[in-house]
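So the structure is just underneath, and the comments pick up after that.
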Amino acid sequence: MSTIDLASAKPPSEARAIPLLPNIGARSGVIVALLVLWELAARLGWINAFLFPAPSNIAATIWTQSGPDGNPPYAMPMHVLRSMIRLLAGIALAVVIGTVLGVLIGMTRWARTLFQPLISIFMPVPTLAWTPVLLLLTGIDDRTTIIVVFIAAVFEVIYTIVAGIEMMNVKLFWVARSMGASRLQIFLRVIIPAIFPYLITGMRLGTGYAWRALIAAEMLAASSLGLGFMIYDASEYMSTNVIYAGIILIAVLGYLLENVLIGRLEASTTEKWGIQSER
Amino acid sequence: MTAISTGDATQAKGGASTSLTRVAGFVTFILPIAAFLAFWEAVVWFGLADATILPAPSMVLVRGWSLLNPANSEHSLLLMHIGASLWRALAAFVLACFVAIPLGFALGLSKGAYRALSPLLSLLLPLPAVAWTPIFLVAFGQGEITIIGVCFLGAFFPILYSTIQGVRGIDVHSIWVVRSMGAKPMDLFRRVLLPGALPALISGLKLGMAHSWRTLVAAEMLAALSFGLGYMIFAARSYMDVSTMFVGIVCLAVIGLLIEHAIFGTLERMTVARWHSSGKVRGAR
Amino acid sequence: MGLKGSGWLKLRVFAAMVAAGATLAHAATGSMSIRVGLQSVPPDEVYTSKDWGARYKLKVEHGSFSSGSDILKAFIGGRVDVGNGGSGRLVTMAAQQPQLFYIVAANQYGGDRYGVMVAKDSPVKTVQELKGKKIGAVTGSGTYSTFRVYLDKNGMKESDFQIVNMKVEDLRAAVQQGIIDGAVAWEPHVAIAETMGVVRRIQSMAGVNDSPNFVLVNRKFADANPEAVARYIATLIDLGELINNHPKEAAKLAAGQISKKGVSVDPKALELSFTRIKMDPKVTDELLSELIPVAESMKGAGKIGAVPDFKTLVRMEFYEQAVKLRQASR
């Protein structure tokens, strides 16, 4: 994944200009038009309504599967919830471990010598390639999917934090030290605030990767719940309505997570700390 | 990514560029990796990890060699798996280039079209391509079409997005100037649009190929009928042949590494350096 | 899982679209060939390893699939002429589209191909001792249904255990690492894990039921090519004899076939596995009657409307013809 993330490929100013609710209304004309066209085409039989079920049917599927009449009851919210729990657990792990490793690599020579080569060989491994090994090692789907999320996100966190420390103003460090600050004080008062915006950026990029990896990992490894499991299971039974419902939920949730939720968080930290992490 | 490797750092620093510093850099790079492998080997040999779950590196190496060695069958099985995987990823990538680059130029040049389609793009961009697999499975069943189709989608959006960004990043004045000088559309394309969009385009290609490869791993595990590294890993899994699984994973990793570093790294250095003061692409990271 | 009901309905629509064209085209040529869906299970590997049709001048076209359900999908879609189905899916098809197929032979059966395994050094010796502990299983599988029948016959209930739903490939490592205390799995997974020396089989499901799989043939194909179907069944009888009477030789063939994918498996494990599988294509009343309780429980769960009459779907004349063919070619 490495290198360039899609979101980060946008210039920073563009990233801020993510259309929020009022804007979405004005700009979603094409999406609405496409949906109407799709609906018509499916209803009038221009396209194969089995492979491309009408959007209204997909919406109806989402509605019934979300309610007590779903099979099992409340199926959709349960799938979404399980995916979210796995994502959050994995991201939380990645933030904690990634921050520790990032700070170590950024601040100490031995950690840099030790970890940098390892990271640069492990980072390009397709995250999904770990799934079969993790299934062997952990056996149970929740652990496997959470670790996949962790792996997908942790490299981004480490990378941004190391970059943040490298860009940190060395003078700030000296000043603090000359004023007699202890190591712990420097760490808490200088380093943590300085890397915080980078951590958030790393989290945003990491979440994007993690979401993709999670969906795929759920398709491969999960045996009961999760959106990835839901769409793969639906393909076994050829329920295209459910597959499309899942794809739509995955797209919308992915968008909300990466751009709106964490994007907001990023914007507010940038405002508050007055630092912008250039990536 | 490369930025993080000490190897590069030493290389950049060494103005005198003696081969000695290069060797030293290489040694400091390889040492932790060797230590890691030795640790893993020891863990298995001393029985702290079960070889039927986590085989030692030496076992993986032996298995890898016996798969690679054509003496055991008519062909080198490992090379056939690798070939099948590479073919799929490349086919998807090339197809994606043919569709996404022209479309990207068109959308990048037309403000109206871009504005209209960008909400749709920003929704589809973060959508994992693997999520399309079930639809392909229902429509085409398992096999080449499904795998290549899913990888195509994986490569398509990053290439499209980067092309649009590259074209939109070109200074409008330079287009006007060249046009007012009476340049033909083809000249305009060759002299202004292409060089201007190239850095972003190349990072898009790199990203597209990386995505194609990463998507392939999942798609092959879900939909391959014969051959391919993802298929090999899953076939080995169902017969509990753990060493072969690890051989597959190592191959995926090494090829991923080569695609991201060797091929596109070189391409970037060659092309971008020609048109631009290098390093501009790295702006994204 | 949850979404099956509506799925199958869609399946029928889809099937109808594809099936008609494909089979008609096939019938028109009248060639002595048959398209068979196979998956990567040891008996199918043996079948792929050599040309079984040569003896009867039958061209067998293999299609490989990753699971039984994929074969059935292809069968319904008309992409293969022969499929095979375990209890649940077969009952669903018999209830929803009985006009599509005939049951012409039995595929593998026998309760011994399901077993309960524990880690090698576990003190547990009986299923009884696993009460209150974690048992891994694929809860939607025929294996698990048989396990439930076993519990019932031995005065135990599902709720006596903590059942963990997993994929069959993950069970061995999970048992080995103590993530679960026991696992219910099918062959060859039990035999391979045993041969690796990491688990013990504490209980076989032999005698609980036979949980048969049946060979299904597309009805239009069979009506147009009865001879091809008979010849195909003759090859199945040959295969069954090899596997049941010469498991060692069969295991060698299967291991050789698997190694062509780059996967190595101990032939001894496959041999052990073959001794636990019964392969006799003859459809008996006992085997057929095992579908009834499955169908009744599915009817109870609202998955099918009525218990289908399976006997009307069986066509034994192909098997009888196959027996004659074998005698003739001896």
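Each value in this text was obtained by applying a stated rule to the coordinates, not by laboratory testing. What you see is a predicted model, and the numbers here were worked out from it, not measured in a lab. With ideal geometry, Cβ positions are generated from the backbone for all residues, glycine too; neighbour counts draw on all protein chains shown.
Observations
- Relative contact order [Cα under 8 Å, 6+ residues apart], chain B, whole percent: 20 percent
- All Cα-Cα separations within region A:84-134 were binned at 5 Å from zero, giving a P(r) of 4, 17, 17, 25, 20, 12, 5, 0, each value a whole percent of the pairs.
- Neighbourhood charge, 11 Å Cβ-Cβ cut-off, centred on A:Gly90 and excluding it, Lys, Arg +1 and Asp, Glu -1: +1
- Between amide H atoms placed 1.01 Å from N, distances below 5 Å from C:Val307 occur with no residue 5 or more places distant or on a separate chain.
- Near the amide H of C:Gly136, within less than 5 Å, lie the amide hydrogens of C:Val164, C:Asp181, C:Gly182, C:Ala183, C:Val184, all on another chain or at least 5 residues away, with H placed in the peptide plane.
- Hydrodynamic radius of chain A per Kirkwood, over alpha carbon pairs, in Å: 21.0 Å
- Per-residue shielding of B:137-148, expressed as the average number of other chain Cβ atoms within 10 Å of the residue Cβ, stands at 4.
- The shape of the protein assembly as shown can be summarised by an equivalent ellipsoid whose semi-axes, obtained from the alpha carbon gyration tensor, come to 51, 33, 27 Å from longest to shortest.
- Shape box of region C:249-330 [Cα atoms, principal axes, largest first, Å]: 46, 40, 21
- Spherically averaged projected area of the convex hull of Cα atoms, region B:10-145: 16.7 nm².
- Per residue, the Cα convex hull of region C:285-330 amounts to 79 Å³.
- Measuring against 31 Å, Cα to Cα, the residue pairs C:Lys261/C:Lys324; B:Lys111/B:Lys206; C:Lys73/C:Lys260; C:Lys157/C:Lys282; C:Lys248/C:Lys282 contain C:Lys261/C:Lys324; C:Lys157/C:Lys282 as the ones spanning a longer distance.
- Straight-distance crosslink candidates among aspartates and glutamates, where the alpha carbon sits under 14 Å from C:Lys120 and sequence neighbours closer than 8 are dropped: B:Asp50, C:Asp181, C:Glu194
- Mean residue ellipticity, 222 nm, helices only, the protein assembly as shown: the sum of -39500 (n - 2.57) across DSSP H runs of n ≥ 4, divided by residue count and rounded to 500, is -20500 deg cm²/dmol.
- DSSP bridge pairs, the protein assembly as shown: antiparallel proportion in percent, nearest 5: 55 percent
- Length-normalised contact order for chain C - Cα pairs under 8 Å, 6+ apart - percent: 26 percent
- Computed from backbone phi with θ = phi - 60° and the Karplus coefficients 6.51, -1.76 and 1.60, the 3J(HN,Hα) list for region C:147-164 is 4, 5, 4, 4, 4, 4, 5, 10, x, 10, 10, 4, 6, 6, 10, 9, 8, 10 Hz; x is used for glycine and proline.
- Projected over all directions and averaged, the alpha-carbon convex hull of region C:156-238 occupies 8.7 nm².
- Enclosing the Cα atoms of region C:161-309 in their convex hull gives a volume equal to 175 cubic angstrom per residue.
- Along principal axes, Cα extents of region A:142-279, largest first, whole Å: 69, 28, 19
- Of the two radii for region A:32-113, the radius of gyration is 1.37 times the Kirkwood radius, both from the alpha carbons; that is the Rg over Rh value.
- Angle in degrees between helix B:229-238 and the longest Cα principal axis of chain B, rounded to the nearest 10: 30 degrees
- Restricting the calculation to Cα atoms, region B:56-284 shows an Rg/Rh of 1.07 when the hydrodynamic-style radius is the Kirkwood one.
- Taking 24 Å as the straight-line reach from the Cα of C:Lys153, the lysines in range (excluding those fewer than 8 positions away in the same chain) are C:Lys125, C:Lys131, C:Lys133, C:Lys134, C:Lys278, C:Lys299.
- When chain C is treated as a Gaussian network with alpha carbon springs shorter than 10 Å, the biggest mean-square fluctuation among C:Glu296, C:Glu286, C:Glu45 belongs to C:Glu286.
- Computed over chain A: relative contact order in percent, which uses C-alpha pairs under 8 Å that are six or more apart: 23 percent
- Base-10 log of normalised Debye intensity for chain C (one unit scatterer per alpha-carbon) at q = 0.11, 0.15 Å⁻¹: -0.73, -1.31
- Between helix A:109-122 and chain A: long-axis angle, C-alpha atoms, 0 to 90°, nearest 10: 20 degrees
- The share of C-alpha pairs in region C:111-204 whose separation exceeds 21 Å stands at 18 percent.
- Neighbour counts of C-beta atoms inside 10 Å place B:Met80, A:Met167 in the sequence A:Met167, B:Met80, starting with the fewest.
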